[in-house]
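The values are calculated or read from the model by the stated rules, or taken from the named source; none is laboratory data. Bear in mind that the values here come from a model prediction, so they are computed numbers and not experimental data. Glycine gets a Cβ as well: all are built from the backbone with ideal geometry, and neighbour counts include every protein chain shown.
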Amino acid sequence: MFQTIKNYYHLIQAIAAVGYYGNPAKQLVVIGVTGTDGKTTTSTLIYHILQTAGYKVALISTVAAYVGDKQIDTGFHVTSPSPWSLQRLLRQIADQGLTHVVLESTSHGLDQHRLYGTNIQIAVVTNITHEHMDYHKTYDRYVAAKAKIFQSAKTAIINQDDTSCEKLIPFIPKNCKVISYSQKKQAVKYICDRFPETYNQSNAVAAEVVARTLRIDPKKIETAITSFSGVPGRMQHIKNNRGITAIVDFAHTPNALKEALTAVRTSTKGKVIVIFGAAGARDVSKRPMMGKIASELADEVIVTAEDPRHEDVRLIIHQIKAGITRNQGHIHAVADRKEAIRFGVSLAKKGDTVIVCGKGHEQSINLDGIHELPWSDITVMTDVLKTAILV
C-alpha cells in the first residue's frame, strides 16, 4: 500500500515536471537502456558511438551526465533521478541544440514513474537476473517493472542469450519493432579484441545494434568501439609495479559477480583474490548466493562492508558466508573495507589478481543508514598498492 502511494506521488511529480519544463523529450530522440547488469557500460558505449559519428548527443547515467562539453556529477547512486532533476536535465539538453540522449533507466525509476514523459523511442534491455527482490518481491514483477521501458518505444532491443528474453515479449507493444541480439552469434573480432569479458562483448553488441538501427556507418561503429576507454569503476585496472593485476569493479549482483570472477579466472595465471560485500537494507536473498559464487570461483574470499546502512555489517557478512560451499580455509571476514582491501593485497603474489567488487565508481559509503561518508575503491586500492609489501 505504501509503495503504491509512493509511486502515485512520483507520477504526479513527473506530470508536473514535464509540464513545467515544456515536455523537452518531444524535441529529442531518447534511447533508454535498462538491465540488471551492464546498463551503464552499454549506455556509455552508445553515447560514445554516437559522439564519434558526429551526433549531438547527451548521456544521463548513474555515474554522471554529459551535456554538451559539460560533465555533471549526478550523484544518483545507482538509481534514476527524480522527475524534476531528469526533466531539468532534458530541458538543458534540448535548449543546447542536442538531438539525441542516452538514458540509463533503473527498475525503481521505471516502476515509480520517475521516467514518465521521457518518450523513449529506442529501448534496450541487457538482461534481467536476480536483484532487488526486497523491492519487487518476485522475479516476474521485476521483469514487468523493467518492461515499462517499452511503453513509448518504436524499437525494442532485447538480449536473445538471456533467459528474460521470452518473458519480455508480451510486454512489447504490437506496433514496436523487436530486434534481438546475441553475443554468441554477433560478437565480431574487433568487439572481442576490445572486450575480453563475454558480458562486455554482449554490452558492445547491444550498443552496435542501436547504432545500426540509427544507420550509423559500420566503420564509424568499429572505430568507436575500438577506441572506447571504458567506464570508471567497471573492470578498471589499477596500475602498479608489483606484478599483480588489481581491478575495481561495480559487480554487486550474483550474476555480475559470477561474470566478473569468471572473466578474471580465465585471464589469471595465479590466484584470484576477491573482496566484496552486500548492501544493507537491500535484497537479503542474494547474499548467500554471492557467497556461493565467490567461494566457487575465487581462491581467496574476503567479505567486507558495502553500504551496510543501519544493518550490522557482521550479520551481513554471516549471511554471505552462509552460502559458501567450498574453500572454507580461504574465507575471511574483515568488516572494515579499507582493511579488507589491504589484507587482500597482502595475500597477493606476482601473477595473482586482486579484484574488489561492489562500489565501482561510487564516491561515498553509508555505514550507519544516515551519513554518506567520502569513499572511493579506486583511491583506496591505488594507495594500498603504493604502500603494501608484496610477498
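Of all the listed residues (A256, A251), the sole one being closer than 22 Å to Q363 by Cβ and part of a loop (DSSP other than H, G, I, E, B) is A251. Criterion applied to R265, R215, R242 was being modelled with pLDDT under 95 and either touching a strand residue (DSSP E or B) at 6+ places or on another chain (Cβ under 6 Å) or not in a strand (DSSP E or B) (or both), and the one residue passing it is R242. Only one entry in S164, S202, S180 is at pLDDT below 95, surrounded by 14 or more Cβ atoms within 10 Å (Cβ to Cβ) and among the hydroxyl-bearing types (S, T, Y), namely S164. Among the conditions (1) touching a Lys or Arg at 6+ places or on another chain (Cβ under 6 Å); (2) closer than 19 Å to K167 by Cα, H132 misses just one, which is (1). Of all residues in the range 351-363, one or more are more than 30 Å from T44 (Cβ to Cβ) and modelled with pLDDT of 95 or more.
The residue pairs whose first member lies in the range 146-159 and is on the phi < 0 side of the Ramachandran plot and crowded, with 24+ Cβ neighbours inside 10 Å, whose second member is assigned to a helix (DSSP H, G or I) and modelled with pLDDT under 95, and whose beta carbons are closer than 7 Å, counting only pairs six or more residues apart or on different chains, are K146/S107; K146/L110; I149/L110; I158/C165; N159/C165.
Kindly evaluate Y139 against the criterion of being of a type in the set (F, W, Y), farther than 21 Å from N159 by Cβ and within 21 Å of the chain's Cα centre (by Cα). Judged against the criteria, Y139 is not a match.
Candidates are the residues of the range 205-258 that are surrounded by fewer than 19 Cβ atoms within 10 Å (Cβ to Cβ) and small (G, A, S); the one that is nearest to E306 (Cα to Cα) is G230.
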